[in-house]
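Novice: Let me give you the structure first, and then I'll get to my questions.
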Amino acid sequence: QQGVNEAYKDSIHGELLARGEDGGPVCTDCHTAHNITRINTPEFLLDIMNECGECHNTPQNGGSKHSTSYETYNSSYHGQVTKLGSSRAARCSDCHGAHDILSLDDPNSRVSELNLIQTCSQGGCHPNANANFVMFDPHADYRDRENYPVLWGVWWYFIIVMSSVFTFFGLHTLFW
């Protein structure tokens with residue numbers, strides 16, 4: 001089994017650092033310099049997304065400021081449950097890896113199309129994951145009309161229907 005240093009060197013973060021590019025995090029970017037937190041503590045589990053979000057908070061696919069990996073994670077089920085204090089929900093590292101994060105295009109990446117079923121079913125998260133299950137885009141942005149038109153349409157439909165229902169019944173109650 002590969003050690004942490006070797007896994008990191010082969011990761012996309014290690015490659016960025018080796019090329020001297022900004023964005024190649026080092027140990028202290030995730031684990032802090034003076035008070036290294038154990039990864040199995042609730043504090044670490046609940047805060048690691050914020051550490052990833054420090055760098056992964058730039059718009060993706062030419063989208064809005066809300067379409068960052070960090071923001072779309074936070075608005076997902078996993079992100080919302082984590083914000084409520086659950087350390088059982090999937091975090092960035094559960095899907096993408098920790099020290100061994102590879103490019104999405106790399107066939108060895110945990111989030112490569114070739115490995116998604118295995119990644120989603122690991123640790124008992126989604127034991128019945130199949131090809132249809134992994135078609136779900138966990139970073140879809142309902143505010144991005146161009147890249148997610150169906151999701152955008154459903155969101156607007158929901159806003160219009162809910163606003164209409166609450167307005168109608170609010171007025172009905174008021175006049176009653």
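The values are calculated or read from the model by the stated rules, or taken from the named source; none is laboratory data. Treat the numbers as computed from the prediction; the structure is a model and nothing was measured. Don't worry about glycine lacking a Cβ; one is built from the backbone with ideal geometry, like all the others, and counts go over all protein chains shown. Remember, those area values only see protein heavy atoms, side chains included, never the ligands or the DNA or RNA. Shrake-Rupley method; radii C 1.70, N 1.55, O 1.52, S 1.80 Å.
Novice: List every DSSP H helix in the chain whose Cα atoms extend 30 Å or more along the helix's own long axis and whose mean Kyte-Doolittle hydropathy is at least 0.0.
Specialist: Within the chain the helices that satisfy the rule are 149-175.
Novice: I'd like to compare 107-117, 43-53: which one has the highest average count of other Cβ atoms within 10 Å, and what's the full order after that?
Specialist: Going from most to least packed, we get 43-53, 107-117.
Novice: Restricting to DSSP H runs of at least four residues, report the calculated mean residue ellipticity at 222 nm for the chain, -39500 (n - 2.57) per run over all residues, nearest 500 deg cm²/dmol.
Specialist: -14000 deg cm²/dmol
Novice: Using 1/(1 + (r/R0)^6) with R0 = 22 angstrom and r between the beta carbons of residue 75 and residue 167, what's the FRET efficiency to the nearest 0.05?
Specialist: The calculated FRET efficiency here is 0.30.
Novice: So how much accessible area does residue 100 have, in Å² to the nearest 10, using a 1.4 Å probe?
Specialist: Counting only protein heavy atoms, the figure is 50 Å².
Novice: Once each part is reduced to its C-alpha centroid, what is the distance from the stretch 16-41 to the stretch 154-176 in angstrom?
Specialist: 48 Å
Novice: Compute and list, largest first, the equivalent-ellipsoid semi-axes of the stretch 37-127 from the alpha carbon gyration tensor, each √(5λ) rounded to a whole angstrom.
Specialist: 19, 19, 13
Novice: Could you give the dipole magnitude of the chain about its Cα centre, charging the beta-carbon of Lys and Arg +1 and that of Asp and Glu -1, in debye to the nearest 20?
Specialist: The dipole of the chain has a size of about 660 debye.
Novice: In square angstrom, what is the accessible area per residue of the stretch 1-143 with a 1.4 angstrom probe?
Specialist: 67 Å²
Novice: Ranking request for peptides 161-171, 25-35: highest mean number of other beta-carbon atoms within 10 Å first, then the rest in descending order.
Specialist: Peptide ranking by packing, descending: 25-35, 161-171.
Novice: State the extension gain, in nm to one decimal, for the chain segment bounded by residue 132 and residue 83, taking 0.36 nm per residue of separation less the distance between their alpha-carbons.
Specialist: That pair, residue 132 and residue 83, stretches by 14.9 nm at full extension.
Novice: Another question, then. Counting only protein heavy atoms and a 1.4 Å probe, tell me what percentage of the chain's accessible area is made up of carbon and sulfur.
Specialist: Carbon with sulfur: 59 percent of the solvent-accessible area.
Novice: Run the lone-cysteine check on the chain: no other Cys C-beta under 4.7 Å from the residue's C-beta.
Specialist: 27, 30, 55, 95, 120, 125
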